[in-house]
1. Could we say that Leu59 is over 16 Å from Leu204 (Cβ atoms) and assigned to a helix (DSSP H, G or I) here?
2. I'd like to check something: does the range 169-181 contain any residue that is closer than 21 Å to Leu47 by Cβ, open to solvent by 20 Å² or more (accessible area, probe 1.4 Å) and out of contact with any His (no Cβ under 8 Å at 6 or more places or on another chain)?
3. Taking the criterion of being open to solvent by less than 10 Å² (accessible area, probe 1.4 Å), among the hydrophobic types (A, V, I, L, M, F, W, C), in contact with a Phe, Trp or Tyr (Cβ under 8 Å, 6 or more places away or on another chain) and over 15 Å from Leu15 (Cα atoms), would at least one residue in the range 96-104 satisfy it?
4. Quick check on my filter: what residues within the range 113-133 are open to solvent by 10 Å² or more (accessible area, probe 1.4 Å) and more than 9 Å from the chain's Cα centre (by Cα)?
5. Return the residues of the range 12-37 that are basic (Lys, Arg) and under 17 Å from Val116 (Cβ atoms); say none if nothing qualifies.
6. Of the residues in the range 168-203, how many are free of Cβ contacts under 8 Å to residues at least 12 places away in the same chain and part of a loop (DSSP other than H, G, I, E, B)?
7. Of the residues Arg190, Arg146, which single one is within 17 Å of the chain's Cα centre (by Cα) and surrounded by fewer than 24 Cβ atoms within 10 Å (Cβ to Cβ)?
8. Kindly list, by first and then second residue, each pair from a residue in the range 110-125 that is in contact (Cβ under 8 Å) with a residue 60 or more places away in the chain to a residue that is among the polar types (S, T, N, Q) and not in a loop (DSSP other than H, G, I, E, B), limited to pairs with Cβ atoms under 6 Å and residues at least 6 apart or on different chains.
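The values are calculated or read from the model by the stated rules, or taken from the named source; none is laboratory data. All values derive from a computational prediction rather than experimental measurement. All Cβ positions, even for glycine, are placed from backbone atoms using ideal geometry, and neighbour counts span all protein chains on display. In case anyone asks, the SASA skips ligands and DNA or RNA and just uses the protein heavy atoms, side chains included. Shrake-Rupley method; radii C 1.70, N 1.55, O 1.52, S 1.80 Å.
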Amino acid sequence: MDIVKLMLALSSGYLLGSLNTALIVSRFYGKDIRQHGSKSAGLTNTLRVLGKSAAAFVLVGDILKGVIACLIGLYLSVYFYSESAQVCISLLIAGTGAVVGHNWPVFFGFKGGKGVLTAVTVLFMVNWLMALICLGFFVLIVASTRYVSLGSVCAAMLFVVLSFFPVFESTFYFNLFACFMTAMVVFKHRENIRRLLLGTENKLRLR
């Protein structure tokens, strides 16, 4: 039954996402990344606290779990068909589960990262052109301001806007996916947004 496949996609994605790479890597360094820097269990904080080598492992890990989750969703293959487009709902659900797991990992007390890297990986698996546009916008914002959080939030908001552009022929389910993913990114960056407004947000500095 399709509902069983969708539940498998969601749970598989969530469990994969819960393997928070930043937390796993930081344990090898004898630290809990959530107790240092910005206290976020993600790529940017790993780079700030542990350096480039540790960040490289986190980068690869976060990308892999997004890819594998989507492949599982694709394997389960629950499709929605419309006159103009079709969408693999199980892929969207598995990818969403991976981001939710990264943000609220069951293996680490439900205290994870912000899910941006895993989210953009999932987007690449779903619509590479839209992902490329959002990634380019993210790079532009970060390069001009040095605020990773601002780039992440702006790129997420651009994603939800693009999802409604007629040229992409998005389905209702894809629009729902875009809104939910963007809402998660903005919610997880709420403290960063507050610091940006106060002018106290940390800028990206490479060691």
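1. So Leu59 fails the test.
2. no
3. No, the range 96-104 contains no residue that is open to solvent by less than 10 Å² (accessible area, probe 1.4 Å), among the hydrophobic types (A, V, I, L, M, F, W, C), in contact with a Phe, Trp or Tyr (Cβ under 8 Å, 6 or more places away or on another chain) and over 15 Å from Leu15 (Cα atoms).
4. Correct list: Phe124, Met125, Val126, Asn127, Trp128, Leu129, Leu132, Ile133.
5. Narrowing the range 12-37 to residues basic (Lys, Arg): 27, 31, 34.
The one that is basic (Lys, Arg) and under 17 Å from Val116 (Cβ atoms): Arg34.
6. Number satisfying all stated conditions: 2.
7. Arg190
8. Gly112/Asn103; Gly115/Asn103; Val116/Ser152
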